[in-house]
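Undergrad: Here it is, the structure, as structure tokens.
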Amino acid sequence: MSTGWKIYWVVVATTVTNYLTMVLWSLPHVSELADGSMPFDMRPFGYSFDDALVFLSAIDDQGRDFYLDTQQLLDSMYPALFAITVAIPLVRLVPRYWGWMLAVVAIAAGIFDYLENRAVAVLLTTEPDLVTETMVYTANNWTLAKSISTTIASVALLVALLVKGIKWVKNRKAIMDKPNL
């Protein structure tokens, strides 16, 4: 295995570790500090102005600090890690320009995640009674854009891996079925 692929697999392991840390620890902790209300990052179908106000009213100062510091620190690494982890195999596994187009979708997912993080930070640093519908609408749109592009890129990668796996099994079977001379 080349050095480039070894580095890639370290990035994959880092991506998975970062994601699991957020999903299993930091985001549930944010939810706990907001009286069970779901953090913005965990709402793939978006949220309304009223939903945002409920969350922002429920989360206390300790929760805001944890969301802004710990959670957003973890989420400052994840978008780039996701983009790299998904884009590289899409380019390698999906034929022609389709792989590159899907890689752009994975990279866009990372960019949208960064934009979502910034918009959420604005919401968290604004007093709930000063939050505007435009602020929530902006954050919500970045959340939706992130969710859609992440889903497209992830499903495309799973399909590409499945197709590659089926081809590999068929080739192995053909080799095994070939009579020895």
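A short reminder: the numbers here are calculations on the coordinates, not readings from a lab. If you're wondering where the values come from, they're calculated on a predicted model, not measured in any experiment. Cβ: placed from backbone, ideal geometry, glycine included. Neighbour counts: every protein chain shown.
Undergrad: How high is the relative contact order of region 57-127, in percent, counting Cα pairs under 8 Å that sit 6 or more residues apart?
TA: Averaging sequence separation for qualifying contacts and normalising by length gives 35 percent for region 57-127.
Undergrad: Need the C-alpha centroid separation for region 26-41 versus region 50-94, integer Å.
TA: About 12 Å separates the Cα centre of region 26-41 from the one of region 50-94.
Undergrad: Can you give the FRET efficiency for Thr70 and Leu93, using 1/(1 + (r/R0)^6), R0 = 22 Å, r = Cβ-Cβ distance, to the nearest 0.05?
TA: The calculated FRET efficiency here is 0.05.
Undergrad: Of Tyr67, Leu81, Leu33, whose Cα points farthest to the positive end of the dipole of the chain (charges on the beta-carbon: +1 Lys, Arg; -1 Asp, Glu; origin at the Cα centre)?
TA: Going by the Cα projections, it comes out as Leu81.
Undergrad: Which helices, counted as full DSSP H runs in the chain, have an axial Cα extent of no less than 18 Å and a Kyte-Doolittle average of -1.0 or above? Intermediate values should be presented prior to the final figure.
TA: On the way: long enough: 3-21 (27 Å, 0.59); 72-93 (32 Å, 1.32); 96-124 (43 Å, 1.10); 133-177 (65 Å, 0.48).
Result, helices passing both filters: 3-21, 72-93, 96-124, 133-177.
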